[in-house]
Amino acid sequence: MKLNRLAAAVATTALLSGAATAIAQDAPPAPPETPAANPADVESMDAILAALYDVISGPAGQARDWDRMRSLFIPNARLIPIGGQRDAVTKLARFMTVEDYVTRAGPWLEENGFFESEIGRVAERYEHLAHVFSAYDSRRTAEDAEPFARGINSIQLMWDGERWWIANVMWWGGEGFEVPEEYLGKR
C-alpha cells in the first residue's frame, strides 16, 4: 500500500511538472525590460499624464522617445482603443501592449505629425489606485487653431510607494466627437 501511495505521489509530481512546463511554453513572451523612468515624469499623477501626452506628440519627421513611453507603463500594461462607428451599437476594443502601440502607431505619428493635449480631467484615487478620465484634443501641428479630433482617455494608474505607473489606457474619440462638459477644465 505504501508503494502505491509513493507511485501516486511520483505520478502526481510528474503530471504537475509537465503541466507547468506546458503552461510556461504556451505563455506569451515576457515584455522587454522596462527602461528607468525620469523621476520627474513619474513623481505625480500630473507628471505622468503630462509625460504620456508629451511622448506621443511631435511634428512630422520627429522620432518619438519610445523608451520614455515604455518607462511610464507597468510590464504587460494595455493600450485599448475602442473603434467602430460613433453611433454603432457594437464597438470593437483592440488590446495592445506598449510594444504593439509603438510598432503600429509609431510610424504614423512620426510620418504625419500629431499633438495631443489634455483639455480636462476627472480623477479619483483610493490609496495606491487611481482612475483618470482625461479629455483630450488632437491637432496635426502645434499651431493648428482647431483640433481635428477629441475624446477621452480612461487611464488606470498605480502608485508603488515610490512612483506612479500606468496600468492601462482605454480611449474613445475621433473626428466630430464632443467631450461632455463635466470632463472639461477640472484638475
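Laboratory data are not the source of any read-out in this text; all were calculated from the coordinates shown. Everything numeric in this text was worked out from a predicted model, so none of it was measured.
Phi angles across the stretch 67-83 convert, under the Karplus curve 6.51 cos²θ - 1.76 cosθ + 1.60 with θ = phi - 60°, into 3J(HN,Hα) values of 5, 4, 4, 4, 5, 7, 10, 5, x, 6, 4, 10, 10, 10, x, 9, x Hz, Gly and Pro given as x.
Gain on full extension, evaluated as 0.36 nm per residue between Thr103 and Phe148 minus their Cα-Cα distance, stands at 13.9 nm. Summarised in one figure, the compactness ratio Rg/Rh of the stretch 45-180, Cα atoms and Kirkwood Rh, is 0.95.
In this structure, the amide hydrogen of Ala135, modeled 1.01 Å from its nitrogen in the peptide plane, lies closer than 5 angstrom to those of Ile119, Gly120, Arg121, Val122, Asn153, counting only residues at least 5 positions away or on a different chain.
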